[in-house]
Amino acid sequence: MKPRSHEPIFWSLFGGGGMLAALVGPILVLIVGLLVPMGMGFGPDAMGYEQMRALLGHPLVGFGLAILIALFFFHAAHRILHTLHDLGVHATPRLKQICYGSAVGGSALAVLVALVLVVRA
Amino acid sequence: MTQTRTIIIECLRFHPETDEAPYYQSYEVPFTAEMSVLEGLQYIKDHLDGTLTFRWSCRMAICGSCGCMVNNEPVLSCQTFLRDYHPSRIRVEPLAHFPILRDLTIDQTDFLAKLESVHPYLIPSADDDPGDQPRNQTPDQIQDYLGYAQCINCLLCYAACPQYGLNEAFTGPAALALLHRYNADSRDAGKAQRMDVINAEEGVWGCTLVGECSEVCPKHVDPARAINQNKIVSTQDYFLRFLKPRGRR
Ligand code: SF4
Ligand code: FES
C-alpha cells in the first residue's frame, strides 16, 4: 500500500487562500484603488491613519486580516513550490521547508502585528 | 472532391535492436480530402515502405490503439485528416512520455499496471446481492459515471500531461478517471479498496490541474475534473479519519 500524502493540509490552505484572494481581492482593489481616491461613497479621510488605526484595533478586523494574510502566504508558498516543480526544480524536503517555512514565518508576523494593534488599541 | 494532392509525412523511425537512436524518414504521400493520417501511414506501409510499424484497428475512434503525436500534439491518427495540414508537411511520432517499442508503437506496460491498481471493475457489496434480478439504475445514477465510462485507453492524456512527463510514478489521468468511474457507480461498493491510490502522493496529488488531459481527450472524458473532485474526497478522508473508530483509519 502506498503511503498517504500529507498534501491535503497544504492544499486546503492553498485553496482557502486562493478562494479568499478571489473574493476579497477585487473588492479591495475597488475600494482602495477606485472608490476612495475618487471620493465615491467614502469621505476624504476614509483611509487616513487615525481611521485605519482604529479599524485595525478591532479584534475582528485585526485578526481577520492576519488570518487572511496567513492564507495568502500559504497560497503563494504552495504555488511557488509547484511552479518550481514544473520548471524542473523538484520539491526536496529542504525546498518545502523554505517555502512553507516562509509562510509560517509571515503568518506568525501577521498575527503578532495584529496582536499588538489590538492590545494597544 | 476526389482530387489527389501530395503531402510529405515525416515519421519517427526506431528499431531498438538495430538503431542506436531514433531518426526521421520522410515519405511523399498522395492523398484525397477524406484521407486520415492513419490512412496516410497505411499508404506508406502498403506502397512505399513495408517496415514502418504502427498500431491501429477500428479506424473509427473507438479502439484507442492509433494514438500518436502529429506535429507535437497527441491525436488519434484515424480521426485526424491530412487535408488540415496540407500544404505543410506533417511530423508523426510515437506518443510522448512512453518508451518506444518500434517506430510509432509505444510500450503501454506502465499504464496497464496503473489501470490494474485502481480496480477498474464493479465491486458489489456482499450483502447487496440482487440474485438473478437486474440491478436497476435511475438516469441520474447513470449520468454520475457515464462520461467517465467513455475512456478508450488511447493514452493521449498521458502524452499530454506534463506531470506524467516529469514523474512517471504519477497514476495519471485515464487511470484516475476510471477509478472515479467505478466509485461513482451506484452498483459499486469498492471505494475503500481504491482509497489508497487516491490518497498517495502519486495519486490525485500528483496533479497540479494543468488540464491538458481534458483538452486532448477524444472522448471528452474530462479526467482533470475527476481528479480534482477526488482531491476533495482525499482531503475529507485525511481529516475525517481521526473521527473514525480506531483500526479503520
Ligand atoms: S481519458 Fe480520454 S485521452 Fe485519456 S485514455 Fe481515456 S479516452 Fe484517451
Ligand atoms: S484506429 Fe481505433 S481509435 Fe483509431
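The values are calculated or read from the model by the stated rules, or taken from the named source; none is laboratory data. The structure displayed is predicted, hence computed values, not measured ones. Using ideal geometry, Cβ is built from the backbone for each residue, glycine included, and neighbour counts are taken over all protein chains shown. These area figures cover heavy atoms from the full protein model, side chains too; ligands, DNA and RNA do not enter into them. Shrake-Rupley method; radii C 1.70, N 1.55, O 1.52, S 1.80 Å.
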Considering only protein heavy atoms, what per residue accessible area in square angstrom results for chain B with a 1.4 angstrom probe? 51 Å²
Rounded to the nearest 0.05, what FRET efficiency do B:I8 and B:E201 give with R0 = 45 Å and r taken as the Cβ-Cβ distance? Could you check? 0.50
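Across peptide B:235-241, what mean number of C-beta atoms from other chains lies inside 10 Å of a residue's C-beta? Don't jump to the answer; show the numbers that get you there.
Numbers: counts 6, 1, 2, 8, 3, 0, 1.
Neighbouring Cβ atoms belonging to other protein chains average 3 per residue here.
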Once you put a point 7 Å from the Cα of A:A54 and another 7 Å from the Cα of B:Q143, both along the Cβ direction, what distance in nm separates them? 5.4 nm
Inter-site label distance for B:H86 and A:M1 at 7 Å from Cα along Cβ, in nm: 5.9 nm
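From the square roots a ≥ b ≥ c of the eigenvalues of the alpha-carbon gyration tensor of segment B:1-73, which class results: rounded (a/c under 1.5), prolate (a/b over b/c), or oblate?
On the way: a/c = 1.96, a/b = 1.35, b/c = 1.45.
Verdict is oblate for segment B:1-73.
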Taking H as built 1.01 Å from N, whose amide H comes closer than 5 Å to the amide H of B:L104, not counting residues under 5 places away? B:T53
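With a 1.4 Å probe on protein heavy atoms only, work out how much accessible surface A and B bury together, total over both chains, in Å² to the nearest 100. Numbers along the way, then the final one.
Values: alone 8610 and 13470 Å², together 20440 Å².
Interface between A and B: roughly 1600 Å².
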Counting only the heavy atoms of the protein chains, how much of A:H85 is accessible to a 1.4 Å probe, in Å² to the nearest 10? 40 Å²
How many Cβ atoms of partner chains, on average, are near each residue of A:5-16 if near means within 10 Å of its Cβ? 5
Can you work out the accessible area per residue across segment A:53-99, with the rest of the protein chains kept in place, probe 1.4 Å, in square angstrom? 62 Å²
Take each complete run of DSSP H in chain A, measure how far its Cα atoms stretch along the helix's own axis, and keep only those covering 20 Å or more with mean Kyte-Doolittle hydropathy at least 0.5; list them. A:7-28, A:59-86, A:93-119
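Using Cα-Cα distances under 8 Å and only pairs 6 or more residues apart, what relative contact order does chain B have, in percent? Let's see the in-between values first.
Numbers: 420 pairs, mean separation 41.5, N = 249.
Relative contact order of chain B: 17 percent.
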So how far apart, in nm, are the two label points at B:N71 and B:L240 if each is 7 Å from Cα heading toward Cβ? 4.8 nm
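Tell me, what is the FRET efficiency for B:E168 and B:N136 to the nearest 0.05, using R0 = 45 angstrom and their Cβ-Cβ distance as r?
Values: r = 41 Å, r/R0 = 0.91.
Using R0 = 45 Å, I get an efficiency of 0.65.
Nearest 0.05, what FRET efficiency do A:I80 and B:E28 give at R0 = 35 Å with Cβ-Cβ as r?
Working: r = 50 Å, r/R0 = 1.42.
For A:I80 and B:E28, the calculated efficiency is 0.10.
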